[in-house]
Amino acid sequence: MQSKKKLQKVAFLDRDGVINSSKPNNGYIGHLKYFKWVPGAKRAIQFLKKKNYRVVVVTNQSGVARGYFKISNVYKIHNHIQNELKNISTFIDGFYFCPFHKDGIVKKYKKKSSLRKPKIGMFNLVKKKWNIDKKNSFIIGDQETDIEFAKRAKIRGYFFKEKNLYKFIKKNISITNYKN
């Protein structure tokens, strides 16, 4: 576990719509065959890591509660992402997701949860692991819930609706490169 004294810059990334561009008919990405990298996403993650950011995925995955796919499918996709990133000598520091939804049909996952964005349960889990430097941390998301998550967590929020994540980061986000 990381020292509580050292401040950590964290780049929170939503998954679907930010690093994954696929949009199947029902809008739920629960199977690996639907995962498709957003152009520039791998390079963006590599860039953030080189700038000493912790890169963390925070994603609502209510398709589990809705019965569209199993929780194991979420893990398969996240393992695939890590394996692809390993090929370019980089990685994501953590994947956090919310499989719950109050309208779910799978009993185990049918409930309200503080993990579901815009609530900040996932942020709080990351905060338990690292002492987050809120001033230099941010989230990139493609939904209003991501921006609300940023406001509640008191970090910067960036709305992503462009084609290339690396270009978006280089153009829009002031990236610091320091080590504590």
Exercise. Among the residues of the stretch 20-62, which ones are closer than 16 Å to residue 83 by Cβ, out of contact with any Lys or Arg (no Cβ under 8 Å at 6 or more places or on another chain) and in a strand (DSSP E or B)?
Worked result: 37
For this session: Could you give me the residue pairs with C-beta distances under 6 Å whose first residue belongs to the stretch 64-79 and is in contact (Cβ under 8 Å) with a residue 12 or more places away in the chain, whose second residue is surrounded by 17 or more Cβ atoms within 10 Å (Cβ to Cβ) and among the polar types (S, T, N, Q) wherever it lies, and which are 6+ apart or on separate chains?
Result: 74/61
Problem set entry | Members of the stretch 95-120 that are more than 12 Å from the chain's Cα centre (by Cα), surrounded by 15 or more Cβ atoms within 10 Å (Cβ to Cβ) and outside any strand (DSSP E or B) | 99, 100, 104, 106, 109, 113, 115, 116, 118, 119, 120
For this session: Please identify the pairs in which a residue from the stretch 140-169 that is closer than 17 Å to residue 60 by Cβ has its Cβ atom under 9 Å from the Cβ atom of a residue that is of a type in the set (A, V, I, L, M, F, W, C) and at pLDDT below 95, counting only partners at least 6 apart or on another chain.
Result: 140/173
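The values are calculated or read from the model by the stated rules, or taken from the named source; none is laboratory data. Worth saying up front: this structure is predicted, and the values here are computed from it rather than measured. Cβ coordinates were reconstructed from backbone atoms using ideal geometry, including for glycine residues, and neighbour counts include every protein chain displayed.
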